[in-house]
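Accompanying notes for the structure given below.
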Amino acid sequence: MKSQRKTTVVPIDGKIPPQAIELEEAVLGAIMIEPACLPVAMGLVSEFVFYKEQHQRIFSACKQLYDLSQPVDILTVTEKLRENECLDVVGGPYYISKLTRDITSGLNVETHCRIILERYMKREIIHSSQVSINMAYDEVMDPFDCVEALEHSLQSIHEIMASGGNMLPVNRIVDEAEAEARKREDHFKNGHCTGIPTGIKQLDKLTAGWQKGELIILAGRPSMGKTALMLHHAISSKANVCIYSLEMPGISLVNRMILFLCDLDAGKFKAGAMGAADWHEFYQAKEKLKSISVYVDDNPVVTTRYIKYHSKLMKDRGKCDIIFVDYLQLVDMRSDQSGRNREQEVSQATRELKIIAKTLNIPVMVLAQLSRRCEQRGNKTPLLSDLRESGAIEQDADLVIFAYRPSYYDPDDQPGTGFEIIAKGRNVGVGTIPFKHNEPMTRIYDYTLAEEVPPIVQHPYRDYTESHHPCRDYPGKEEEFPF
């Protein structure tokens with residue numbers, strides 16, 4: 001938001017100018033107890049929006065700390081105010097601590113900021129009106145100058161009302177489009193995909209990698225390998241990855257990552273029957289994992305608002321290039337709106353996750369469960385209509401991918417083979433991508449030149465022809481590419 005000027009409103013008939021002192025205190029207190037609140041507040045208000053000068057100085061100190069990538073809490077804010085030589089002006093350390101005394105969380109900080117902004121807008125309207133009235137009473141003032149000044153004041157108020165808007169001229173956007181096209185050309189010449197690598201070559205070829213601003217749904221029935229595929233995509237991305245694991249504790253995810261990165265027998269690893277050679281494999285995988293920029297949040301009670309604030313904080317720190325959420329139906333969808341059904345809640349969640357992807361300009365992959373409907377058909381391959389609880393999942397997603405393993409239903413049907421079925425691709429079309437996996441689903445592989453692509457699953461999204469043979473797309477690439 002643009003910085004506004006500090007205005008002085010003259011009280012009329014003893015009326016107090018519009019203000020929200022209690023909410024100002026609540027916002028500042030929330031910022032100092034929950035770091036994720038500050039980016040949210042900064043996106044809505046500036047220091048001049050606060051009515052009390054003390055609060056303006058405190059908010060300014062918080063912004064200064066944030067810009068320096070320093071923690072924002074009671075002690076650091078107090079020290080920054082002392083450096084700015086205004087600690088006594090704001091009321092000293094006692095007043096800083098008083099702001100956090102009655103605050104338990106920052107869940108409502110966005111709403112509070114909007115109310116504070118509304119009060120500021122009303123003060124601006126009053127100020128502009130007072131200035132216009134005084135100018136109109138001035139006998140030497142040209143009336144056209146009065147009108148022009150009033151229009152200028154109204155334009156400033158409209159800018160405040162539209163803060164956060166993103167209307168851009170096409171001639172500016174087309175320059176950005178050219179820059180993106182040049183970047184894609186460079187990636188193509190260097191043999192790289194334009195987005196974040198998926199870890200599966202043929203999927204990279206079809207999608208050009210995970211693209212910025214896209215919401216990707218990876219759906220399937222239980223035990224189809226959704227989490228295994230998610231971890232493979234995460235580890236293979238070579239990007240800063242944030243995983244919100246609502247189903248599985250962080251240590252379980254790390255155990256699976258270790259098995260992804262080595263040839264350690266999963267049964268021996270789980271049973272604790274590891275020999276010297278096994279420990280050697282373990283330590284090699286551990287060192288590989290330490291070099292990968294993956295962050296895991298295994299908080300079991302997570303809302304889309306939490307993901308929004310936390311991921312923005314991570315993005316601002318340069319630690320979030322792609323988000324994975326495991327899984328959609330476990331996201332806490334509590335809302336102030338009562339009487340809503342499950343479908344409406346899921347619709348809101350997918351919409352908010354799409355907004356997160358667009359706002360942060362990063363891909364967001366969300367795992368989702370399918371209904372049992374697909375298992376009641378003779379052909380058990382999933383359809384878009386099998387997405388549980390909401391058609392909004394299909395509507396909001398840029399990519400809908402189904403994880404499917406025929407051997408789950410028939411052990412003799414293509415064992416060790418799985419498919420990522422792209423049922424919806426807003427910018428890439430549909431397709432079926434086969435992959436190999438070991439029996440415990442701890443490692444995912446591409447098909448190599450020496451191997452035949454398995455028979456393609458018969459389903460409405462089949463478009464896999466001879467021209468799409470992955471081995472022909474990568475001539476000479478005979479080695480396996482697990483990571």
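Taking 0.36 nm per residue of sequence separation and subtracting the Cα-Cα distance, how much length would be gained by fully extending the chain between Q329 and Q130, in nm to one decimal?
66.2 nm
Using the Cα centre of region 21-161 as origin and beta-carbon charges of +1 (Lys, Arg) and -1 (Asp, Glu), tell me which of C146, V72, I103 is placed farthest towards the positive end of the dipole.
Final value for the positive-end residue is I103.
What is the Cα convex hull volume of region 49-113 when expressed per residue in Å³?
Dividing the Cα hull volume of region 49-113 by its residues yields 99 Å³.
Residue-wise, which Karplus ³J(HN,Hα) couplings in Hz belong to region 399-414, taking 6.51 cos²θ - 1.76 cosθ + 1.60, θ = phi - 60°, and x for glycine or proline?
Karplus values, whole Hz, x for Gly and Pro: 10, 10, 10, 9, 8, 9, 10, x, 5, 5, 8, 9, x, 8, 9, 6.
For each of S291, S385, S132, count neighbouring Cβ atoms within 10 Å of the residue's Cβ, then give the residues from fewest to most.
Result, fewest neighbours first: S291, S385, S132.
Based on the Cβ-Cβ distance of L68 and D278, what FRET efficiency does E = 1/(1 + (r/R0)^6) give at R0 = 51 Å, to the nearest 0.05?
Here the calculated transfer efficiency is 0.65.
State whether region 273-338 is rounded, prolate or oblate according to the following rule on the C-alpha gyration tensor (a ≥ b ≥ c being the square roots of its eigenvalues): a/c under 1.5 gives rounded; otherwise a/b larger than b/c gives prolate, and the remaining case gives oblate.
oblate
Per residue of region 82-88, in order, report the coupling 6.51 cos²θ - 1.76 cosθ + 1.60 (Karplus, θ = phi - 60°) as ³J(HN,Hα) in whole Hz, putting x for Gly and Pro.
5, 4, 7, 6, 9, 5, 5
If the reach is capped at under 12 angstrom between alpha carbons, list the aspartates and glutamates near K52, excluding any in the same chain fewer than eight residues apart.
E22, E24, E25
Using a ≥ b ≥ c from the Cα gyration tensor of region 205-312 (square roots of the eigenvalues), is it rounded, prolate or oblate, where a/c under 1.5 gives rounded and otherwise the larger of a/b and b/c decides, a/b for prolate?
The shape class here is prolate.
Using the Cα gyration tensor of region 338-379, with a ≥ b ≥ c the square roots of its eigenvalues, what is the shape: rounded (a/c below 1.5), prolate (a/b larger than b/c) or oblate (neither)?
Oblate is the answer for region 338-379, as a/c is 1.5 or above yet b/c matches or exceeds a/b.
Distance in nm between label sites at K52 and T111, each 7 Å beyond Cα in the beta-carbon direction?
Each label point lies 7 Å from its Cα, and together they span 2.2 nm.
Could you sort the peptides 117-130, 211-224 by per-residue average Cβ neighbour count (10 Å cutoff), highest mean leading?
211-224, 117-130
Coordinate-derived values only; no laboratory data. Small disclaimer: the values here were computed from a predicted structure and weren't measured. Please note: Cβ atoms are built from the backbone with ideal geometry, for glycine as well, and neighbour counts cover all protein chains shown.
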